[in-house]
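What follows is a short report on a single structure.
What follows draws every value from the coordinates through simple rules; no lab data is involved. Since this is a predicted model, take the numbers as computed values, not measurements. Here the Cβ is made from the backbone with ideal geometry for all residues, glycine too, and neighbour counts use every protein chain on show.
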Amino acid sequence: MSTPTMTEEVKSRLLDPTEHFPELAKLSAAVHNAIQKGPVPQSTISLIQLRAGQIVGSTYHAIRVGTAMRKAGESEERLTALATWHNAPYFTDAERVALELLEAVLLPNPSGERVSDELFARASAHYDEQALWTLTMAIGHFCLFIPVALIGKPIPGRPIGKNYSK
């Protein structure tokens, strides 16, 4: 079986959602700007976005976020090691707790609540209240677009706004 080329066979399932919900662009931009102006480093935000894309199996998100991280100067070692961050030596303690919060939100915990008091306490040791809200909003903002990518299936590697078939 041959691999489809970007120009020939890969198509999105749905058109750009802002054609039906124009308010979505303004909402997303407002949340994005708040996150960018927050106290959490953009590299940490990008790590949780890329890890979220990996967890949910979104090629679109993995390519989009990974490409942006490379352009921002992120190392290949950190990008590659993100899938195994638990035992990889490339991440700070603050990044690790942010990744742990993300995984607590996205992955089930059969033995208790997802974000335990102990995890929250560890996160609070690295992040103040504004930073914790910034992480929370960054995870929520990204999670808004997970179904868009998995159901609508935008075309990986295309610029935002041009990643839907017409």
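List of remarks:
- Solution diffusion estimate, µm²/s, Stokes-Einstein, the chain, Kirkwood Rh from C-alpha pairs, 4 °C, viscosity 1.567 mPa s: 76
- Average projected area [Cα convex hull, segment 4-61], square nanometres: 5.6
- Gain upon complete extension [ALA29, THR67; 0.36 nm per residue less C-alpha separation]: 11.7 nm
- Gain in span if fully extended, THR136 to THR18, counting 0.36 nm per residue against the direct Cα distance: 40.1 nm
- Packing around the peptides 122-132, 98-108, taken as the average count of other Cβ atoms within 10 Å per residue, puts them in this order, highest first: 98-108, 122-132.
- Inter-site label distance for THR80 and CYS143 at 7 Å from Cα along Cβ, in nm: 3.2
- Inter-label distance, ASN87 to PHE120: 3.2 nm, where each label sits 7 Å from its Cα along the C-beta direction.
- Treating r as the C-beta distance of GLU100 and GLU9 and R0 as 35 Å, the FRET efficiency rounds to 0.35.
- Springs between Cα atoms under 10 Å define the GNM used for the chain, and in it the highest mean-square fluctuation of GLY152, GLY53, GLY73 occurs at GLY73.
- Mean residue ellipticity (222 nm) of the chain, computed from DSSP H runs ≥ 4 via -39,500 (n - 2.57), nearest 500: -17500 deg cm²/dmol
- From the alpha carbon centroid of segment 138-156 to that of segment 25-79 is 12 Å.
- Summary value for the chain: 41 percent relative contact order, contacts being C-alpha pairs under 8 angstrom separated by 6+ residues.
- Alpha-carbon Debye profile of segment 65-104, log10 I(q)/I(0) at 0.31 Å⁻¹: -1.10
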